[in-house]
Amino acid sequence: MDTSGELHPDESINSGKSSLPMPTAASADSDSGSDNERDASLVLERNIVSSTASLEPLERLEALQRRNTDLGRKLMEAERTLQNRLADHESELEEMQGKLEEMRSELSATKREEKELRSKEVNYFSAIFSFSPSNRTTKI
């Protein structure tokens, strides 16, 4: 080929092709370790969106408007789902806070009751001790 890009009669069409051999199935099977590495880097799931590049401008505009409408609908649905979840979580939080307050008041009442019982116990022991025969001085 000369600088003008034309082929000379003595050059063959095959001269512009690569002379590197293509990988064969046998060589690919022998390197199973690198297959796993290649598989790990693959994208397993893709969101398939048709290309609008080959469409006429009006068709492309309509396709983009349909896609925009669809995305807007999905956005509204996602927002509604999030709002529902938020409302559920807030009601659950209020319920849990109510239970916490109830348990705190129950704990406080139980502590107060325990204190009263200990006080009564001390009074009973002192009364029993004062009536015991070993503490009395008896004259016979």
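Coordinate-derived values only; no laboratory data. Computed from a prediction, not measured in an experiment: that's the story for all the values here.
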Calc'd 3J(HN,Hα), segment 61-73, phi into Karplus 6.51 cos²θ - 1.76 cosθ + 1.60 (θ = phi - 60°), Hz, glycine/Pro = x, comes to 4, 5, 5, 5, 5, 4, 5, 5, 4, 4, 5, x, 5
One computes Rg over Rh for segment 58-140 from alpha-carbon atoms, with the Kirkwood Rh, and obtains 1.79
Karplus-derived 3J(HN,Hα), 6.51/-1.76/1.60, for each residue of segment 80-88, Hz, glycine and proline x: 5, 4, 5, 5, 4, 5, 4, 5, 4
